[in-house]
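Structure record follows, encoded as structure tokens.
Where a number appears in this text, it was derived from the coordinates with a stated rule and is not lab data. Small disclaimer: the values here were computed from a predicted structure and weren't measured.
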């Protein structure tokens, strides 16, 4: 599929109508060991109201999941979860989804930095994040490297 044929990316709330599809999105076994499950993330969002779960769609198909939170004490956003279903990886959708998330967050608080973390050995995610403007902060949180989008 070429860039022109690629389905448009959009973000939608996770609702009673789509949450089951969300929890059935899949990663490779190696990736799954690095990311909390979508089911866990939805439970976390339920008890932590600062967390906003978002379904990632390509056209009418849910292809991924992200969870964001605004941390008022620091004035920064955090993206504690970001995943694209294994069947949709490798086609540029991850980058487009990340761009959509950044744009959505910047539309809410334009000057707020955005943080994202990853396990140190997750080089594919690091390349994706750095390609989209994230920079390594040199900090670690819960054993994960923290990157920052200005």
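Points worth noting:
- Over the chain, relative contact order from alpha-carbon pairs under 8 Å, at least 6 apart, %: 19 percent
- Overall dimensions of region 9-149 as given by Cα atoms, namely Rg and Dmax in Å: 14.1, 40
- Helical content of the chain, expressed as a calculated mean residue ellipticity at 222 nm, amounts to -8000 deg cm²/dmol (DSSP H runs of 4 or more residues, -39,500 (n - 2.57) each, divided by residue number, nearest 500).
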